[in-house]
1. Counting DSSP beta bridges with both partners in region 263-391, what percentage is antiparallel, nearest 5?
2. Mean-square fluctuation check for the chain, GNM, Cα pairs under 10 Å: which of 147, 83, 235 is largest?
3. Ranked by Cβ crowding within 10 angstrom, fewest neighbours first, how are 82, 25, 328, 291 ordered?
4. Which peptide among 166-172, 262-268, 354-360 comes first, and what is the full order, when sorted by highest mean count of other Cβ atoms within 10 Å?
5. Rounded to the nearest 10 degrees, what's the angle between the helix 66-78 long axis and the longest principal axis of the chain, both from Cα atoms, 0 to 90?
6. Using a Gaussian network model of the chain whose springs link C-alpha atoms within less than 10 Å, name the residue from 241, 292, 200 with the highest mean-square fluctuation.
7. Between the helical axis of 279-292 and the dominant principal axis of the chain, each derived from Cα atoms, what acute angle in degrees is found, rounded to the nearest 10?
8. If you average the sequence gap of Cα pairs under 8 Å that are 6 or more apart and divide by the length of region 1-68, what percent do you get for the contact order?
């Protein structure tokens, strides 16, 4: 781990929502458009305060819906400026039509998503049904365990979205209420250092560049759409490579490591849980508790979900005997999203594949406890496995 100077940062006690707002303040995008929705609202409320106080020069556009918010930032980004938004749940669903526009037009928009259940019935608490419902809309997706990660990955996302060969939008996820409203110590790096890291945005194309006119959003029939979508596929593959390069650069500021995932006590593990976001902290504590009892258990925390790091995940899991994958969302009529990708990653292993057990937990914000995760590990170690999805904390 790199050493960083004390005067290069300050530690403040803030929520995950404010951590995202602080990253946005340092980015100081030319345009932000957003519509309030619980539990995302505090991000834009805090940023509106920055605008009112003259801390930033952003044009903050209040709109009548999330569909309009995404439309505004699409227009701003196409005009050649940095543009951002934030949303949750039904707001993200309402943006659905425009999400594909943003990625299809290759616009480097960054959006903070505070995960919340999709209705109906109405629920304002956390699960991943909103962002998982948009996983194939062409956006890069990164899931954060903590407020610190929400802050840092928002900054990294700007560079990644704008990086050479990519030019794609990015979603940064944090768990609703658990992360967004929970207060924790966050290390904020100095404005000057962050500004230097971000650099200035130089768009390849701009609607306002009249000397080099371009057509944006034309009608494309069967003659060319296939090729355009293949270009998107190649761009998101480049994003996977650029993510590591940009992470190495940011590590010189933070002293941390930025990878597609985090391995926790996996070296000699016989049973491993794979999961994402805030639940990781509870799993880590459970791993520590069981390690003290001599149980060989570990954790793999997935951070980058799109593009998914198939080969890298297969390498770290190939020698694990049994794996439990914890999803915080359904994929109705199929295995849940994360376990499906883990199975895909392991499918082409030359030797015998690890056993993979699917679990669903935490739907609608239901708590998951150390005792429940301990039971998962006990079942995995005892090889209690079946092809069905198991549910954690579900009433009979």
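1. Working: 3 of 20 bridges.
About 15 percent, rounded to the nearest 5.
2. Maximum among the listed residues: 235.
3. In order of increasing Cβ crowding within 10 Å: 291, 25, 82, 328.
4. Details: 166-172: 25.6, 262-268: 14.3, 354-360: 20.9.
My ranking of the peptides, most packed first, is 166-172, 354-360, 262-268.
5. Taking the Cα atoms of the chain, the angle to 66-78 is about 60 degrees.
6. Result for the chain, Cα springs under 10 Å: 292 fluctuates most.
7. Tilt relative to the chain: about 30 degrees.
8. Numbers: 54 pairs, mean separation 24.4, N = 68.
That works out to 36 percent.
Computed from the coordinates by the stated procedures, all read-outs in this text should not be read as laboratory data. Computed from a predicted model, the values in this text were never measured in an experiment. Note that each Cβ is placed from the backbone with ideal geometry, even for glycine, and that neighbours are counted across all protein chains shown.
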